[in-house]
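Structure record follows, encoded as structure tokens.
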Amino acid sequence: MIRTRVGYTGGTKPNPTYHSLGDHSETVEIDYDPTIISYEKLLDIFWHSHHPGQAAWSSQYKKAIFYHNERQKTLALKSREQVAARLKSPVYT
């Protein structure tokens, strides 16, 4: 990985903060070098870093994948389908 940034996303409140989050979720953005690690590997790490069959108890801590292009969207949705098939239960991510 090259760089990570933390912040808030997915909400409508201008300038959210930890104590005034509104409807945003906490996020981590990862800038990575695809010659070192693939997007698919990052997805694999993501899916194994939480329990996708457990619903988040608040929007602040919901699990989500945000993508930058159609290829990433396709891979993210495919990985979600694979996780759902493996779990044989709903995926809340």
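The values are calculated or read from the model by the stated rules, or taken from the named source; none is laboratory data. Bear in mind that the values here come from a model prediction, so they are computed numbers and not experimental data. Every residue, glycine among them, receives a Cβ derived from its backbone with ideal geometry; neighbour counts consider all protein chains shown. All accessible areas refer to the heavy atoms of the entire protein, side chains included, with ligands and DNA or RNA removed. Shrake-Rupley method; radii C 1.70, N 1.55, O 1.52, S 1.80 Å.
Per-structure values
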quantity: Residue, farthest from V6 (Cα to Cα), within segment 68-88, restricted to residues that are of a type outside the set (D, E, K, R) and open to solvent by 50 Å² or more (accessible area, probe 1.4 Å); calculated: A85
quantity: Residue match in segment 49-67 (condition: assigned to a strand (DSSP E or B) and surrounded by 10 or more Cβ atoms within 10 Å (Cβ to Cβ)); calculated: no
quantity: Among residues of segment 60-93, those that are among the small types (G, A, S) and under 13 Å from the mean Cα position of the chain (by Cα), counted; calculated: 3
quantity: Residue in segment 11-43 that is least open to solvent (accessible area, probe 1.4 Å), counting only those that are of a type in the set (S, T, Y) and farther than 20 Å from A76 by Cβ; calculated: S20
quantity: Residue identified as of a type in the set (S, T, N, Q) and touching a His at 6+ places or on another chain (Cβ under 8 Å) among T74, T93; calculated: T93
quantity: Residue match in segment 1-10 (condition: out of contact with any Leu (no Cβ under 6 Å at 6 or more places or on another chain), open to solvent by less than 50 Å² (accessible area, probe 1.4 Å) and either of a type in the set (A, V, I, L, M) or not in a strand (DSSP E or B) (or both)); calculated: no
